[in-house]
1. Among the residues of region 104-136, what is the count of those that are over 17 Å from VAL41 (Cβ atoms), assigned to a helix (DSSP H, G or I) and free of Cβ contacts under 8 Å to residues at least 24 places away in the same chain?
2. Of the conditions (1) open to solvent by less than 60 Å² (accessible area, probe 1.4 Å); (2) within 16 Å of the ligand (Cβ to nearest atom); (3) of a type in the set (A, V, I, L, M, F, W, C), ILE170 fails just one. Which one is it?
3. Residues being assigned to a loop (DSSP other than H, G, I, E, B) and either free of Cβ contacts under 8 Å to residues at least 60 places away in the same chain or of a type in the set (S, T, N, Q) (or both): count how many of those fall in region 153-181.
4. Provide a single number: the residues in region 257-276 that are away from the ligand (no atom under 16 Å from the Cβ), of a type in the set (Val, Ile, Thr) and out of contact with any Asp or Glu (no Cβ under 6 Å at 6 or more places or on another chain).
5. Evaluate region 236-256: report whether one residue or more is more than 16 Å from the ligand (Cβ to nearest atom), assigned to a loop (DSSP other than H, G, I, E, B) and in contact with a Pro (Cβ under 8 Å, 6 or more places away or on another chain).
6. Considering each residue of region 106-130, count those that are charged (D, E, K, R) and farther than 16 Å from HIS291 by Cβ, and give that number.
7. Between a first residue in region 251-268 that is at pLDDT 95 or above and a second residue that is buried (at least 19 other Cβ atoms within 10 Å of the Cβ) and hydroxyl-bearing (Ser, Thr, Tyr), which pairs have beta carbons less than 6 Å apart while being 6 or more apart in sequence or on different chains?
8. Does ILE92 qualify as being over 16 Å from the mean Cα position of the chain (by Cα), among the β-branched types (Val, Ile, Thr) and within 16 Å of the ligand (Cβ to nearest atom)?
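The values are calculated or read from the model by the stated rules, or taken from the named source; none is laboratory data. Values in this document were obtained by computation on a predicted structure and should not be read as measured data. So basically every Cβ, Gly included, is an ideal-geometry build from the backbone, and we count neighbours across all protein chains shown. Heavy atoms of the whole protein, side chains included, go into the accessibility calculation; ligands, DNA and RNA do not. Shrake-Rupley method; radii C 1.70, N 1.55, O 1.52, S 1.80 Å.
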Amino acid sequence: MTARLIKGAEVAKEIREELKVAVQRLREAHGVAPGLVTVLVGSNPASESYVRAKQQAAHDLGFYSVQDNQPDSISEDQLLALIDRYNRDERIHGILVQLPLPKHVNETKILYAIDPDKDVDAFHPVNVGKLVIGQADYLPCTPAGIQELIVRSGVETAGAEVVVIGRSNIVGKPIANMLLQKAKGANATVTVCHTRTKDIAAHARRADILIVAAGTAEYVKGDMIKPGAVVVDVGVNEVGRTAEGKRILKGDVAFNEALEVAGAITPVPGGVGPMTITMLMKNTVRACNVHLRGKGV
Ligand code: GUN
């Protein structure tokens with residue numbers, strides 16, 4: 001049997017159509033468009049490409065969007081002043097500072113300076129804490145995308161054995177916390193594996209839902225997957241270039257092997273990736289609503 005493909009690109013398109021309606025409603029009812037600023041420091045090509053995609057998505061949805069490019073030489077104080085300006089800017093509801101930042105800038109200090117109500121990445125400790133206690137206003141974009149994919153594919157999470165491989169602050173820790181909440185699309189029994197876990201394969205083989213954010217191309221082989229399991233591959237690894245110079249991407253799961261064993265799997269590319277930016281757009285629409293609520297609307 002071949003696994004069903006969970007097509008993130010299609011689900012993302014569906015959600016963006018829903019968001020267009022929400023944006024239209026905000027315009028008609030309140031004369032306001034969700035406002036997103038993306039701050040890019042320096043000229044890392046990967047960061048430039050991510051930020052371009054975020055701006056394009058914001059533009060396509062009819063947001064008020066600002067791209068703020070700053071030179072590598074910007075000081076920490078200047079960057080803090082810039083964030084303070086956007087914190088006070090009424091037209092801006094969401095602030096995203098693209099990571100990584102140059103070495104002379106303290107990333108933590110910058111992320112802590114963003115108003116939690118405008119923190120559409122959900123990296124601020126206030127938002128991380130709210131997530132853990134089940135009171136999140138914003139969910140971090142990649143984990144939110146993973147949960148949406150699972151739920152919209154009709155996969156039952158309540159009582160499911162979920163195994164997460166990877167304990168990063170951006171993916172592993174938040175998705176584990178989200179899926180163990182007493183909530184719809186959660187209520188799972190969650191195990192988190194990492195570099196010091198004794199027998200990752202044994203844990204992985206128990207999983208009804210296996211979420212892989214290991215950061216190593218084809219880390220999970222077919223024999224690490226329980227027959228019929230749902231496999232979510234968060235990895236994006238560039239393993240080479242085509243003759244035309246196009247990037248060749250592989251996930252953290254050996255896809256062809258997994259296809260023969262799993263019940264369903266997200267492909268790379270076209271799985272989790274397209275969901276991440278879509279969830280950023282969803283958070284920005286939410287931030288606009290938070291702003292209106294704050295004004296008593
Ligand atoms: N760099 C890589 N991923 C991300 C992300 O999700 N948000 C931000 N701000 N920077 C990133």
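1. Going through region 104-136, the residues over 17 Å from VAL41 (Cβ atoms) turn out to be 115-120, 122, 124-136.
Imposing the further condition that a residue be assigned to a helix (DSSP H, G or I) reduces the set to 116-118, 125-132.
Applying the additional criterion that residues be free of Cβ contacts under 8 Å to residues at least 24 places away in the same chain yields 116, 125-127, 129-130.
Within region 104-136, residues that are over 17 Å from VAL41 (Cβ atoms), assigned to a helix (DSSP H, G or I) and free of Cβ contacts under 8 Å to residues at least 24 places away in the same chain number 6.
2. (1)
3. Looking only at that region, the number is 13.
4. 2
5. yes
6. Of all residues in region 106-130, those charged (D, E, K, R) come to 107, 109, 115, 117-119, 121, 130.
Still in the running and farther than 16 Å from HIS291 by Cβ: 107, 109, 121, 130.
Going through region 106-130 one residue at a time, the tally reaches 4.
7. ASP252/TYR219
8. On the way: over 16 Å from the mean Cα position of the chain (by Cα): yes; among the β-branched types (Val, Ile, Thr): yes; within 16 Å of the ligand (Cβ to nearest atom): yes.
Considered against the rule, which asks whether it is over 16 Å from the mean Cα position of the chain (by Cα), among the β-branched types (Val, Ile, Thr) and within 16 Å of the ligand (Cβ to nearest atom), ILE92 comes out as yes.
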